[in-house]
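What follows is a set of notes on a single structure, which appears directly below.
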Amino acid sequence: MTREDLIAGLNRDLEGEFQAVLMYVGYAAAVTGPHRPMLKQFFAAEVPEELAHAQFLADKIASLGGVPSTTPRAVPVAADARQMLVHVLDAERQAIQDYKERAEQAAAFGDKGLATHLETIVEDETGHFEETEKILRGWR
Ligand SMILES: [Fe+2]
Ligand SMILES: [Fe+2]
């Protein structure tokens, strides 16, 4: 695992965190229907944590000698509340997979502290994933 490859991977993760911030801010604002009050709160509550992930990654990328990306992954358009939740579920599933991979790469690179922190982010994203899955369970 080279430093350049690790930086590139962390920058892809950072782009995913920027997507998450934009997605949760946008969906909290735009969600409609009888579940709006609950979903607005649910989406908005994720923003500070995703932003903290982004800040951690940007700091680490700079520490490693890289330049933090400023480009988010595209936020998928959603026609209704259920579709928003499906997009969130997909994004959180992707984040879990990415951070598991990045933690292994960080360990292979020899940065135990980074590997450990990335595993705590896997835990955060797993919490988001599971809460979203519970809301979607049985949603018609
Ligand atoms: Fe995150
Ligand atoms: Fe998340």
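Values quoted throughout were computed directly from the atomic coordinates according to the rules given, and no laboratory measurement underlies them. The model shown is predicted, which means the values in this text are computed figures rather than measured ones. In this analysis, Cβ positions are derived from the backbone assuming ideal geometry, glycine residues included, and neighbour counts consider all displayed protein chains.
Distance from the C-alpha centroid of the stretch 2-21 to that of the stretch 39-82: 11 Å, rounded to the whole angstrom. Between the listed residues A95, Y27, I7, the Cα displaced farthest toward the positive end of the dipole of the chain, a dipole computed from Cβ unit charges relative to the Cα centre, is found at Y27.
Restricted to Cα atoms, the chain shows a radius of gyration and a Dmax of 15.6, 50 angstrom.
What's the local net charge at T32, with K and R +1, D and E -1, over the other residues with C-beta under 12 Å away? Here the charged neighbours net out to +2. The chymotrypsin sites (Phe, Trp or Tyr not before Pro) found in the stretch 89-140 that occupy coil by DSSP, while having at most 11 further C-beta atoms within 10 Å, are W139.
Exposure proxy ranking for K60, K112, based on other Cβ atoms within 10 angstrom of each Cβ and starting from the fewest, stands as K112, K60. Entry note, the chain: relative contact order of 29 percent, from Cα contacts under 8 Å with a spacing of 6+ residues.
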